[in-house]
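Input: a single structure, listed below in structure tokens.
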There are 2 protein chains.
Amino acid sequence: MDDVDRQLLVLLQQDAAQSYAALGQAVGLSAGATHERVRKLRERGVIRRTAVEVDPAAIGRGVLAFVMVDSTKWVGDSGDRFAAIPEIQEAHVIAGSAAVLVKVRTATTEQLQDVLRRIYAIDGVSGTQATVVLETFFERPVTP
Amino acid sequence: MDDVDRQLLVLLQQDAAQSYAALGQAVGLSAGATHERVRKLRERGVIRRTAVEVDPAAIGRGVLAFVMVDSTKWVGDSGDRFAAIPEIQEAHVIAGSAAVLVKVRTATTEQLQDVLRRIYAIDGVSGTQATVVLETFFERPVTP
DNA sequence: AAACTATGCAGAATGACATTCGGTAGATCA
DNA sequence: TGATCTACCGAATGTCATTCTGCATAGTTT
């Protein structure tokens, strides 16, 4: 995991569709060596997968909200219950007054309300506190 | 934007490295037609880009936190100030008591503290409220 | 209803690129 | 010094992306 690897990660996070020849030229390696580097990054699990990035608004997910979920029970095992709600994009167990923090994308605020209802129906959930996003400054990959 | 397009988006969000032949077989189209579909999805901006997904822990970003940022001024124009902090992965203007919600990834909690200090140094920021993530249930692409 | 137009698809042809392999240089250890 | 290992380059090969032609279907105009 040296500088070249980090550079490759940055480039591949920006555009994973470019050729190994171009990638290699950018970091000063041959296409073959670059390919081998990237292969090992995958093997080690540093690169999890390659995926397309979709515009949420274009697929009817223009409303973004974060929801703090309070609970009266231990929720460390109920990840599946949250995963069952497709509008939830992320779910994290958090330290602090709430128990779970989820990121929700819906088409409308009415649908957001419906998601809140479904979250409320999860066993042990005692309350929700939703925060609607007005504008997203940026969402970007992590810099190695 | 029909069912086939949506199916293609799901498949490409899971694995953008597969061939158009395989992709086409999955949705019942030829490789050529599939290629044309995907090309148009890119053209329309539905697909923004294709990128690799990196394991945060593998690149020294094992600590995840969400930070509510309070402010005394209008912060709608200070996106650049947040973008200048590389540990910030997302920044959103929110409705509610706070003004901005940011997602931060650092190697240690000490570094998180340092990020909070830098956020505090942004003009107009009057306070921060950090929530550390103990466990991430899941982070997944949005389902079309 | 007939002709026209546009759109989407299949199948084939071409060229680019991923992937593999042999050989070499440098680094580490004995 | 010799042995071993790793990372690299450059070339060879096969796969696949990309483009093109022709056809069918659906929608539109006359």
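Please treat every number below as a calculation from the coordinates, not as lab data. Since this is a predicted model, take the numbers as computed values, not measurements. No Cβ is skipped: glycine too gets one built from the backbone with ideal geometry, and neighbour counts run over all protein chains shown.
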* Quick one: if you stick a label point 7 Å off each Cα along the C-beta vector at B:R6 and A:A107, how many nm between them? -> 0.9 nm
* To do: Note the angle between two axes, namely the Cα long axis of helix A:3-14 and the longest principal axis of the Cα atoms of chain A, as a number of degrees from 0 to 90, rounded to the nearest 10.
  => 60 degrees
* To do: Mind listing the label-point distances from B:R6 to the same position on all other copies, shortest first, one decimal in nm, points 7 Å along Cα→Cβ?
  => 4.3
* **Using a 7 Å Cα-to-Cβ projection, A:G124 label spacings across copies, nm, ascending** => 4.0
* To do: Could you tell me the distance between the Cα centroids of region B:76-135 and region A:1-15, to the nearest Å?
  => 25 Å
* Label-to-label distances across copies for B:S30, with labels 7 Å out along Cα→Cβ, in nm, shortest first? -> 3.9
